[in-house]
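Let me begin by presenting the structure, written as structure tokens, before commenting on it.
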Amino acid sequence: MNNDADSQNEKAANKMVTQNIGKEAILGVDEPLLLDCGAKLTNFTQAYQTYGKLNADKTNAILVCHALSGDQFAGDINPISGKPGWWHLVIGSGKILDTDRYFIICANILGGCMGSTGPKEINPDTGEYWGLQFPGITISDMVRAQALLLDALGIDKLFCVIGGSMGGMQVLEWAVAFPDRVFAAVPIATAPHHSAQNIAFHEVGRQAIMADQDWKSGDYLKEDCYPQRGLAIARMIAHITYLSEPALQNKFGRRLQDREAITFGFDADFQVESYLRYQGSTFVERFDANSYLYITRAMDYFDLAERHGNGILAEAFRGVRTRFCIISFTSDWLYQTAESRAVVKALNAVAANVSFAEIGSDKGHDAFLLEEPEFWKVLTGFLEGAADKYGLTKK
Amino acid sequence: MTTKLKKLNLRVDLQLIAKMVEPGSRALDVGCGDGALLDYLNQEKKVDGRGIELSSDGVNACVSSGLSVIQGDADQDLDDYPDQAFDYVILGQTLQATREPHNVLQNLVRIGKRAIVSFPNFGYWRVRAGLMFIGKMPQTKTLSYNWYDTPNIHFCTITDFIILCGSLGITIENGIALDRVGRTREIGRAGMRFANLRGEQAIFLLKKS
């Protein structure tokens, strides 16, 4: 067999795999989804994955909301990367989000690049890639798209909505926008709005992408190229914000990468440089650059108080009936404890049912994805208590 | 009138507090520690309970056992709550550790239709005798710290407390003095001096006048 045939077979195989990943729902069929920017989406795709079984009463559903660079493959093995799902430590049989007990749903966000309608997909009206023609989206748009997915699945009320970082923003939006559909909410390592510093970091990431010549004003897919340098730099910057100074220090210190001495050049002399380069290069293999622009923008625009409370956070929460468990991490400087505390204060002001724990950790923002026994204990306890109150029987 | 309390797993003063709480009510326990009282109220009286606790160990233990508890403190975080949000706001053995007990008390009766407050009584005879005969800052079962490392910065006697409530416009609906072996005595007008001498700690049911 010659090499060309080989690579063609491989391409065909890849296509088959990517068509056969997870589940998808076509939504906005009868009625379009009206986006915050004013655009309407009809017949859009919501890719999602489920773990466990929905019970007869449809009361055991937990919606897991993923973060900026996450996807619907939260548990088990991610069929695309072949690696464990991003929250496999938490989701699974006998784990905290026990798939023997709960029905776990995780949807690729609107605007994402893992099957849901987004800039990487084809615009059915034009037959071309959406690219920058894709309408601007918000966290609220993502949540309303997820609500349509639940309608399609016949689930009226979620036992719990849970997520970290941008996932936590969706959790907050869910509880406020759909108070009747959420019994318990766990926003982790998140904030009620994006701070100036967070917007600033995102802006640097976006500039890196847009400065890449291969970005082609967003038309790179049409022109068959890819702004991988720009996207990699964006990821490298963001990755620093997900860690903490002590975590970086412990992991790398000033150790050199595969060399005895500094080289007086600009290759990766230090291990930390090599690590970041690796993070950047693996990210571009799985993520769409335009998607990155759209999603970071949605996070920047997120402001729960502005949207639902005329600028007053407590007003946004007035009338919520959800039980909240707010969790933050001591070394998270991207979404600091003070931001979580602001949510707690606002919830107290309307006498909502809220628990709040700050977990001591040196792992930075990413702590919610990693092994953190104290965090897991709190999460387990909260879910047990909530399940008991919701009348979910023990497995 | 004295009654001897039967031994439950709950601390005696917490048992007395629990007795004052109506079943099925909403309660906020300020300084809830490991959540023992909240847990008891939840289990035995179907109370919709919330807690505030200063130590993160306490908070995490509470949330881990399914209780709704936030990390915070009585001086700073009570201002956030709306008026009359709870049937009861409980402050057990914490008043003496607050920076501004008078403001805390006012917040308690504002947030709760009723407040339940317990504190160690500095008028207890052993405390007085300790100062009088040994000349050292007193250490008892409920006041077990050294003077230099104690979190208890605002001690008062039962009499002091009653006077403060009067000046803050707080009505005392019920007062109980608890002695060293768990005997209780109602604090009435007549028996106040005696209660102030015999009570190692006191528990009061309060409301805004």
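The values are calculated or read from the model by the stated rules, or taken from the named source; none is laboratory data. The structure presented is a predicted model; accordingly, all values stated were derived computationally and were not measured. We place every Cβ from the backbone using ideal geometry, glycine too, and count neighbours over all the protein chains shown.
Assorted remarks:
- Subset of the range B:98-111 (residues that are buried (at least 20 other Cβ atoms within 10 Å of the Cβ) and either over 16 Å from the mean Cα position of the chain (by Cα) or within 11 Å of chain A (Cβ to nearest Cβ) (or both)): B:I111
- Pairs, first in the same structural domain as A:F368 (by TED's automatic domain parsing) and among the hydrophobic types (A, V, I, L, M, F, W, C) in the range A:68-88, second modelled with pLDDT under 95 and not in a loop (DSSP other than H, G, I, E, B), C-beta under 8 Å, six or more apart: A:I80/A:V17; A:I80/A:T18; A:I80/A:R286
- Hey, A:G309 within 14 Å of chain B (Cβ to nearest Cβ), surrounded by fewer than 19 Cβ atoms within 10 Å (Cβ to Cβ) and within 30 Å of A:Y390 (Cα to Cα) or not: no
- Taking the range B:81-110 as the range and being in a loop (DSSP other than H, G, I, E, B), farther than 27 Å from B:K141 by Cα and among the polar types (S, T, N, Q) as the test, only B:Q84 passes.
- Residue list for the range B:68-97, restricted to those being closer than 24 Å to A:S355 by Cα, of a type in the set (S, T, N, Q) and surrounded by fewer than 23 Cβ atoms within 10 Å (Cβ to Cβ): B:Q76, B:Q84, B:Q93
- Selection status of A:A352, facing chain B (nearest Cβ under 9 Å) and either under 24 Å from the mean Cα position of the chain (by Cα) or buried (at least 18 other Cβ atoms within 10 Å of the Cβ) (or both): no
- Of the criteria (1) more than 30 Å from B:D83 (Cβ to Cβ); (2) facing chain B (nearest Cβ under 9 Å), which one A:N290 fails: (2)
- Subset tally (residues that are in contact with a helix residue (DSSP H, G or I) (Cβ under 6 Å, 6 or more places away or on another chain) and in a strand (DSSP E or B)) for the range A:124-153: 0
- Test result for B:D39, charged (D, E, K, R) and at the interface with chain A (Cβ under 10 Å from one of its Cβ atoms): no
- Number of the condition not met by B:F122 [criteria: (1) away from chain A (no Cβ under 14 Å); (2) buried (at least 23 other Cβ atoms within 10 Å of the Cβ)]: (2)
- With respect to (1) in contact with a Lys or Arg (Cβ under 7 Å, 6 or more places away or on another chain); (2) at pLDDT below 95, the lone exception for A:G319 is condition (1).
- Against the test of being at pLDDT below 95, farther than 16 Å from A:L68 by Cα and surrounded by fewer than 18 Cβ atoms within 10 Å (Cβ to Cβ), the options A:G265, A:G253 yield a single qualifying residue, A:G265.
- Residue that is nearest to B:D77 (Cα to Cα) [pool: residues in the range A:361-384 that are at the interface with chain B (Cβ under 7 Å from one of its Cβ atoms) and free of Cβ contacts under 8 Å to residues at least 60 places away in the same chain]: A:V378
- Residue within the range B:59-75 that is more than 7 Å from chain A (Cβ to nearest Cβ), at pLDDT 90 or above and over 27 Å from A:G360 (Cα atoms) present: no
- Matching residues, the range B:75-114, being hydroxyl-bearing (S, T, Y) and within 19 Å of B:S167 (Cα to Cα): B:T98
- Strands (runs of 3 or more DSSP E) within the range B:141-209 that include 2 or more residues touching a helix residue (DSSP H, G or I) at 6+ places or on another chain (Cβ under 6 Å): B:170-178, B:201-208
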